[in-house]
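Accompanying notes for the structure given below.
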Amino acid sequence: MVLSLVFYLSIPIKSYQAIYVPSGPIQRLTHEGLGLNYLDVFILRMMSALGVWKKPKSGYIFIPTNHQDHISKGNFLYALSLSKAFYQNATLIPGETLYFFLQKLAQTFHLKVLDLQKAYDAHAPYKEAGIVPDTYRFAVGVSADKLIEHLIKHASNYYQNLSHKLLGHYDPKQWEKTLIIASIIQKEAANTQEMPLIASVIFNRLHKNMPLQMDGSLNYGKYSHTKVTRERILEDTSTYNTYKHKGLPKDPVGSVSEPAIRATLFPAKTKYLYFVKNKAGVHVFSQHYKDHVKNIHLSNP
């Protein structure tokens, strides 16, 4: 019997690295799609009664499989008894919009986008930029509300600390305006070195009551990765359309990095009013429209 049991526990089985263990009596495990039978449950209960293993806990847990997603029956049962939470990472890159980040969170942590959006709307002070670009690590199975609440709290602390560091104080309304400008800079800049220059163009245009006329402002929400066309400019009636509306959009365009925030608070002192991307993928800046037209022709022969 001992040899038979050893052989049985050495049988390789296929398993995913993340599996969901339901709550309830241990005998339920035979009916939950985990591939367990009554002998497996008997072994789990016996080892738990002897104090060698623990009773499996409910939730998503990590199963240490090999590169072919295989594991021995014994190691699988042992992993069930350990019930180690399965953790995953999710990265929000600077400039990305909430629309796409919530989709990534939903896929990674087996949540619903609608639940994440409701939680964000309930906790976030801004329609966009309420989450700081970073890599986050959560246990699979975390609730949408807890996940978003953590992200919002982290962003709030980060923004307040950064504002005190750079300005010596924190004004929520003024900070929202900073995020709006920084989000446009984030979308427009080819690199961090350009950010203070693009900031100067924004402030110079605002000072002269000129429309910003920046494509990046139209890369909001689901349009984050959509090329701005003449048709979009003509049809979009939102405040994000800085070709039609003077001033700033009423909300940030996407997530923002610290360099974009610093550029907003400390823009370069220039007289630039225009910029265009050249063949090298960086921007050429100019004060006068005639020079801007020349730069456009040079960039697009």
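See the values below:
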quantity	calculated
Among residues of region 211-224, those that are touching an Asp or Glu at 6+ places or on another chain (Cβ under 9 Å) and open to solvent by 10 Å² or more (accessible area, probe 1.4 Å), counted	5
Residue selected from region 282-301 under the condition of a type outside the set (F, W, Y) and not in a helix (DSSP H, G or I), by the criterion surrounded by the most Cβ atoms within 10 Å (Cβ to Cβ)	H283
Top-ranked residue of region 127-154 - restricted to ones that are open to solvent by 20 Å² or more (accessible area, probe 1.4 Å) and in a loop (DSSP other than H, G, I, E, B), ranked as nearest to N219 (Cα to Cα)	K127
Enumeration of residues in region 155-210 that are under 20 Å from K277 (Cβ atoms), open to solvent by 30 Å² or more (accessible area, probe 1.4 Å), out of contact with any helix residue (DSSP H, G or I) (no Cβ under 7 Å at 6 or more places or on another chain) and part of a helix (DSSP H, G or I)	Q193, L197, N204
Enumeration of residues in region 257-281 that are more than 30 Å from A155 (Cα to Cα) and either open to solvent by 50 Å² or more (accessible area, probe 1.4 Å) or part of a strand (DSSP E or B) (or both)	K271, Y272, Y274, F275, V276, K277, K279, A280
Residue, nearest to A182 (Cα to Cα), within region 225-237, restricted to residues that are surrounded by 12 or more Cβ atoms within 10 Å (Cβ to Cβ) and out of contact with any Lys or Arg (no Cβ under 9 Å at 6 or more places or on another chain)	V228
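Yes/no matrix, rows are residues, columns are (1) among the charged types (D, E, K, R); (2) free of Cβ contacts under 8 Å to residues at least 60 places away in the same chain:
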| site | (1), (2) |
| --- | --- |
| S72 | no, no |
| F76 | no, no |
| F86 | no, no |
| T91 | no, yes |
| K112 | yes, yes |
| Y126 | no, no |
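The values are calculated or read from the model by the stated rules, or taken from the named source; none is laboratory data. Note that the structure is a prediction, hence the values are computed from the model and not measured. Here the Cβ is made from the backbone with ideal geometry for all residues, glycine too, and neighbour counts use every protein chain on show. Heads up: the accessible areas ignore ligands, DNA and RNA and are worked out on the full protein's heavy atoms, side chains in. Shrake-Rupley method; radii C 1.70, N 1.55, O 1.52, S 1.80 Å.
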